[in-house]
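Let me give you the structure first, and then I'll get to my questions.
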Amino acid sequence: MNKLKVSVLAIAVSTALNAQAQEAKVDAQSNQQANAKVQEVIVISGSRMEQEIEQVAGSIMVIDEDAIEKSMSNDFGSLFRNESAVAVKGGAGKPTSVTIRGIGGNRVMMVKDGVRVNNQYASPLGPGAEGTGRGLTEVQSLKQVEVVKAAASTMYGSDALGGVVVMRTKDASDYLMGDDYYVSLNTGYSGINNEYSAGFTSAAAYNGFENLLTYQHRTGEELPNYYDTQPDSDLVQDSVLFKSKYHFNDYTSVQLTLDYLEQTLKRWEYEFDDKTGALDENIDTNRDTQVINGALQLVSSKPTQMHDSLTVTAYFGKTEQLEHRDYFGTIKAKPEDLYGLNEIRDYSFEDERIGINSTFSKYIGGDSYGHQITYGLDYEFSTMSRHREVNDPITGDTTTPFTFATTDSQRLGVFVQDDVTLLDGDLNLIAGLRYDYFDNTPDQQQAIDAGKDPADFQSMSDSFWSPKLGLVYQLSDSVSVYGQYAYGYKMPTPDQKWGELEVDAGSMTDVLIQANYDLESEQSHTWEIGVRGNHSDTNYELTAFYTQAKDFIDWQYVSFTPPSISPGWPPVMVPMEFKYQYYNRDEVILYGAEAQINHWLTDSIELWGNISYTYGEDENGDYLNSVSPLKGNAGANWYTDIADMEADFGAVVRWADHMSRTNDIELAQEDICAMGICIPKEQFNEVYGTSGYAVMDLTFGLRIDDNWKLRAGVYNLFDKEYIDYADVAGQSVFLLGASMNLDKEDFTQPGRYFNVSVNYQF
């Protein structure tokens, strides 16, 4: 693997450290503690406009800039390491998927700087059909991440059935802090995947402009397992963020944002003969993923008769993934067999979006009574496509297996919400309503060329209303209660309704995904109640929720063909074949509770924790495999000074209960028998469960002076072997194990590892 060359940077860093070290201010520690304790939490995800989190009638998880920095996250998945309410599958080169309260995938809408990110494309079978994830973002540039943990179709439309993840990147003003320019360099190492990183950030203000340019380079490996037995790989990521804001006056500004990321994964897989040790086969994979998002955003806080503030964003986004695989194996030849290239596969995935969204707000009333009205309009046109090509280098034959027809989609939504203030501000009643029109139009000619019936590829369109009701009541100056009802809606994605896929699940197993042209849209009804406390030294929140989902899209096996021997000589073994498809469950019920707390034990010691429990079952009373086990985190932060330098120490214990609330899939209706050998059906139907675990992380931060910052951490301190249930949820032990040569150890999390980062500000 190519290591990042940092020798020149290291020399410069060392020289500058000796030449520019300064005496820290005497009151650095007190300032640090005050900033940590007195921090107003402002969110935009609840109503698409800035408001204090105490005003939101629902549970919102916030990961702010300070938490991102302390966690030393190096990818999207690790951002949620210390959050029990959100489960993330994948990370570090592996496709990423988010699950909130048992609902995940494309049912969770993801937005970055006002732009909806790409759809997830992935088979529920996991490895062997990896697809494209959604967490392709550079965490170094993030200012805040917010997670709406209930349905939010009233404000965001379709795709927000299970919640919303809103990511905001930093602006130039976040760095400038009133100065005219800012420049910093950063470098670091992350042991989780042997990753080296380096980058810079620059910002400048002049003649009404505020400009920002950041660049980050990362080079490492694909996320390993505990035993480090994963295939060899190289993972390289480059990202650029550019922002240019122009202030017309004190009220109005326009900002251009360009966000680009490229991630390249090279992987080399080898299989050897158990007896002779000779090379049986190998697969070389080269996957390149590029993401570019752009937006032009107009913001004004100048009051008019129609609005007090407005935000209008025109945007575009494109995600493209190209994957090339070379398959090597034994080639039948005379006078003797040869080892060489016997198959080439090329995959492509594209998701393009262009649209405009707008949010207007107007307050009507006085101090004791009033209406905060928020309204707006959203429109988006998008195209989603997936192509495959299989080439036989020996015969020269090329096939193009059908996946799903390239689909054009249109979304149009109009919404309004009224936040009514009563009882001198002690009571807020919230009512919202949204109308959406949605249309999916597949390419019928593409389906005809693939031999499909064009009647099965008719345009799918629908419209729906999404209501929301909520309240926030202030019991005292420091305690409030809230409750809400929220509606969610989600149309099937093109790959769910029209998709077909053949998964290479091993030499003796074929898995076929077949289309379900009758698939219907999903709906959900969520009720949520909670209490928030904001005292001088203690903040807490307790939440209980209940969700009823109708026509919930899941997957099921529809047929099985046992292995057989074809007639003729020499006899050829025909592999067993499984077929499955997406379908609508009649009803799914999910309910649970969550709690979080922060408490200042002293002026310099902070204790915090969170815990989440979700229970889910289908219309038959069977468990939902997408639900996570009981999970929690408990931590402590100590703020102090070392030789007049600001320092902080952190300790976190992450834990999860064992997961036995699983429901075996019906892969086989009876025992599987072939050539006189029978395998019990239970071995085919078993899904993964996981054992409970507890791991500890330690972190340390040091502000050496006004220029230098150092941060380090050790994760999984006691080198605990464990599996995160999100990585195996609902997966067949047989398909991922016996057929794909993946053992349970392949899904384990990395053992003990170390992170370190250095930042220098000019």
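The values are calculated or read from the model by the stated rules, or taken from the named source; none is laboratory data. These numbers were taken from a predicted model, which means no experiment stands behind them. Note that each Cβ is placed from the backbone with ideal geometry, even for glycine, and that neighbours are counted across all protein chains shown.
Name the pairs whose Cβ atoms lie under 6 Å apart, with the first residue in region 607-622 and in contact (Cβ under 8 Å) with a residue 60 or more places away in the chain and closer than 19 Å to Glu594 by Cα, the second of a type outside the set (Gly, Ala, Ser) and not in a strand (DSSP E or B), and 6 or more positions between them or separate chains?
These pairs meet every condition: Thr614/Arg101; Thr614/Val627; Gly616/Leu624; Gly616/Val627.
Do we find a residue being at pLDDT below 95, farther than 30 Å from Met491 by Cβ and touching a Lys or Arg at 6+ places or on another chain (Cβ under 7 Å) anywhere in region 371-390?
Within region 371-390, one or more residues are at pLDDT below 95, farther than 30 Å from Met491 by Cβ and touching a Lys or Arg at 6+ places or on another chain (Cβ under 7 Å).
Still on this structure, please answer the following. Can you spot a residue in region 102-112 that is at pLDDT below 90 and hydrophobic (A, V, I, L, M, F, W, C)?
Looking through region 102-112, none of the residues is at pLDDT below 90 and hydrophobic (A, V, I, L, M, F, W, C).
When you look at Asn194, is it touching a Gly at 6+ places or on another chain (Cβ under 8 Å), over 28 Å from Lys468 (Cβ atoms) and of a type outside the set (Gly, Ala, Ser), yes or no?
yes
Take region 392-427 and flag every residue that is in contact (Cβ under 8 Å) with a residue 40 or more places away in the chain and more than 32 Å from the chain's Cα centre (by Cα).
Matches in region 392-427: Asp392, Pro393, Ile394, Val420, Thr421, Leu422, Leu423, Asp424, Gly425, Asp426, Leu427.
Residue check: is Lys149 surrounded by 23 or more Cβ atoms within 10 Å (Cβ to Cβ) and more than 22 Å from the chain's Cα centre (by Cα)?
Numbers: surrounded by 23 or more Cβ atoms within 10 Å (Cβ to Cβ): yes; more than 22 Å from the chain's Cα centre (by Cα): no.
No: the conditions fail for Lys149.
Quick one: in region 657-701, of everything that is in a strand (DSSP E or B) and without any contact (Cβ under 8 Å) to a residue 40 or more places away in the chain, which residue is nearest to Tyr623 (Cα to Cα)? Talk me through it step by step, then tell me what you get.
Pass one, region 657-701, residues in a strand (DSSP E or B): 659, 672-674, 677-679, 687, 690, 693-701.
Checking the rest, the ones that are also without any contact (Cβ under 8 Å) to a residue 40 or more places away in the chain come to 677-679, 693.
Values: Ile677: 32, Cys678: 28, Ile679: 25, Tyr693: 22 Å.
Per the criteria, the residue is Tyr693.
Restricted to region 463-510, and to residues that are modelled with pLDDT under 85 and hydroxyl-bearing (Ser, Thr, Tyr), which residue is surrounded by the fewest Cβ atoms within 10 Å (Cβ to Cβ)?
Here the residue is Ser507.
From (1) surrounded by 18 or more Cβ atoms within 10 Å (Cβ to Cβ); (2) in contact with an Asp or Glu (Cβ under 8 Å, 6 or more places away or on another chain), pick out the condition that doesn't hold for Gln581.
So Gln581 meets the others, but not (2).
Please state which of the following conditions Arg711 fails to meet, knowing it meets all the rest: (1) under 28 Å from the mean Cα position of the chain (by Cα); (2) of a type outside the set (A, V, I, L, M, F, W, C); (3) surrounded by fewer than 17 Cβ atoms within 10 Å (Cβ to Cβ).
(3)
Evaluate region 431-438: report whether one residue or more is part of a helix (DSSP H, G or I), under 27 Å from Pro492 (Cβ atoms) and either touching a residue at least 24 places away in the same chain (Cβ under 8 Å) or polar (S, T, N, Q) (or both). Spell out how you get there, then give the answer.
Our first condition is that a residue be part of a helix (DSSP H, G or I); within region 431-438, this holds for none.
There is no residue in region 431-438 that is part of a helix (DSSP H, G or I), under 27 Å from Pro492 (Cβ atoms) and either touching a residue at least 24 places away in the same chain (Cβ under 8 Å) or polar (S, T, N, Q) (or both).
Looking at region 292-304, I want the residues that are of a type in the set (Lys, Arg) and at pLDDT below 95 and have a partner that is surrounded by fewer than 18 Cβ atoms within 10 Å (Cβ to Cβ) and part of a loop (DSSP other than H, G, I, E, B) with Cβ atoms under 6 Å, at least 6 apart or on another chain. Which pairs are those?
From residues that are of a type in the set (Lys, Arg) and at pLDDT below 95, the pairs are Lys302/Tyr251.
Taking the residues in region 689-723 that are of a type in the set (A, V, I, L, M) and in contact with a helix residue (DSSP H, G or I) (Cβ under 8 Å, 6 or more places away or on another chain) as candidates, determine which candidate is nearest to Phe747 (Cα to Cα). Before the answer, list the steps.
Initially, region 689-723 is screened for residues of a type in the set (A, V, I, L, M), giving 694-696, 698, 702, 704, 710, 712, 714, 717, 723.
Restricting the remaining residues to those that are in contact with a helix residue (DSSP H, G or I) (Cβ under 8 Å, 6 or more places away or on another chain) gives 704, 723.
Numbers: Ile704: 40, Ile723: 6 Å.
By that ranking, first place goes to Ile723.
Restricting to region 386-403, count the residues that are crowded, with 20+ Cβ neighbours inside 10 Å and either closer than 30 Å to Ser47 by Cβ or not charged (D, E, K, R) (or both).
Of the residues in region 386-403, the ones crowded, with 20+ Cβ neighbours inside 10 Å are 386, 402-403.
From what is left, the residues that are either closer than 30 Å to Ser47 by Cβ or not charged (D, E, K, R) (or both) are 402-403.
Number of matching residues: 2.
What strands (runs of 3 or more DSSP E), lying completely within region 205-283, carry at least 3 residues that are closer than 23 Å to Leu176 by Cβ, in contact with a helix residue (DSSP H, G or I) (Cβ under 9 Å, 6 or more places away or on another chain) and at pLDDT 95 or above? Before you say what the answer is, go through the steps one by one.
Numbers: elements: 209-220, 232-247, 252-272.
In region 205-283, the matching strands (runs of 3 or more DSSP E) lie at 209-220, 232-247.
Another question, if that's okay. Output the residue which, of all residues in region 302-357 that are among the basic types (Lys, Arg) and not in a strand (DSSP E or B), is surrounded by the most Cβ atoms within 10 Å (Cβ to Cβ). So that I can check it myself, show each step before the final result.
Our first condition is that a residue be among the basic types (Lys, Arg); within region 302-357, this holds for 302, 318, 325, 332, 334, 345, 353.
Narrowing the set further to residues that are not in a strand (DSSP E or B) leaves 302, 332, 334.
On the way: Lys302: 13, Lys332: 9, Lys334: 6.
This residue is Lys302.
Still on this structure: With the requirement that a residue be under 28 Å from the mean Cα position of the chain (by Cα) and touching a residue at least 40 places away in the same chain (Cβ under 8 Å), what does region 349-373 give you?
Going residue by residue through region 349-373, those that are under 28 Å from the mean Cα position of the chain (by Cα) are 349-359.
Of everything in region 349-373, those that are under 28 Å from the mean Cα position of the chain (by Cα) and touching a residue at least 40 places away in the same chain (Cβ under 8 Å) turn out to be Phe349, Asp351, Arg353, Gly355, Ile356, Asn357, Ser358, Thr359.
Would you point out which residue out of Glu682, Glu670, Glu721 is modelled with pLDDT of 85 or more and among the acidic types (Asp, Glu)? Outline the logic, then answer.
Numbers: Glu682 fails: modelled with pLDDT of 85 or more; Glu670 fails: modelled with pLDDT of 85 or more.
Matching residue, one of Glu682, Glu670, Glu721: Glu721.
Just a yes or no: is a residue in region 268-282 under 18 Å from Leu258 (Cα atoms) and not basic (Lys, Arg)? Spell out the reasoning first.
Step one: list which residues in region 268-282 are under 18 Å from Leu258 (Cα atoms), which gives none.
No: zero hits.
With assigned to a strand (DSSP E or B) and out of contact with any helix residue (DSSP H, G or I) (no Cβ under 9 Å at 6 or more places or on another chain) as the only criterion, which of Val165, Val147 stands out?
Details: Val147 fails: out of contact with any helix residue (DSSP H, G or I) (no Cβ under 9 Å at 6 or more places or on another chain).
Just a single option satisfies the conditions, and that option is Val165.
Please verify whether region 499-519 includes one or more residues that are in contact (Cβ under 8 Å) with a residue 24 or more places away in the chain and more than 30 Å from Gln669 (Cβ to Cβ). I'd like the intermediate steps shown before the answer.
Here is the first cut: in region 499-519, the ones in contact (Cβ under 8 Å) with a residue 24 or more places away in the chain are 499-517, 519.
Of the ones still in play, those that are also more than 30 Å from Gln669 (Cβ to Cβ) are none.
Within region 499-519 (the criterion being in contact (Cβ under 8 Å) with a residue 24 or more places away in the chain and more than 30 Å from Gln669 (Cβ to Cβ)), the answer is no, since none of the residues qualifies.
Let me ask something else. Out of Phe552, Phe560, report the one residue that is under 26 Å from Gly105 (Cβ atoms), at pLDDT 90 or above and buried (at least 17 other Cβ atoms within 10 Å of the Cβ).
Just one listed residue meets the conditions, Phe552.
Given (1) modelled with pLDDT of 95 or more; (2) more than 30 Å from Gly157 (Cβ to Cβ), where does Thr543 come up short, assuming only one miss?
Condition (2) is where Thr543 drops out.
Within region 569-602, can you find the residues that are part of a loop (DSSP other than H, G, I, E, B) and either out of contact with any strand residue (DSSP E or B) (no Cβ under 8 Å at 6 or more places or on another chain) or small (Gly, Ala, Ser) (or both)?
Correct list: Trp569, Pro570, Thr602.
Moving on to the next point. Do you know which residues across region 578-615 are within 23 Å of the chain's Cα centre (by Cα) and acidic (Asp, Glu)?
Residue satisfying the conditions is Glu594 alone.
On to the next question. The conditions are (1) crowded, with 17+ Cβ neighbours inside 10 Å; (2) within 30 Å of Tyr196 (Cα to Cα); (3) in contact with a Ser or Thr (Cβ under 9 Å, 6 or more places away or on another chain), and Glu721 fails exactly one of them. Which is it?
Of the numbered conditions (1) crowded, with 17+ Cβ neighbours inside 10 Å; (2) within 30 Å of Tyr196 (Cα to Cα); (3) in contact with a Ser or Thr (Cβ under 9 Å, 6 or more places away or on another chain), the odd one out for Glu721 is (1).
Report, ordered by the first and then the second residue, all pairs with beta carbons closer than 8 Å, sequence separation of six or more or different chains, a first member in region 160-187 that is within 22 Å of Asn106 (Cβ to Cβ), and a second member that is modelled with pLDDT of 95 or more and surrounded by 17 or more Cβ atoms within 10 Å (Cβ to Cβ).
That search, which allows pairs on different chains as well, returns nothing.
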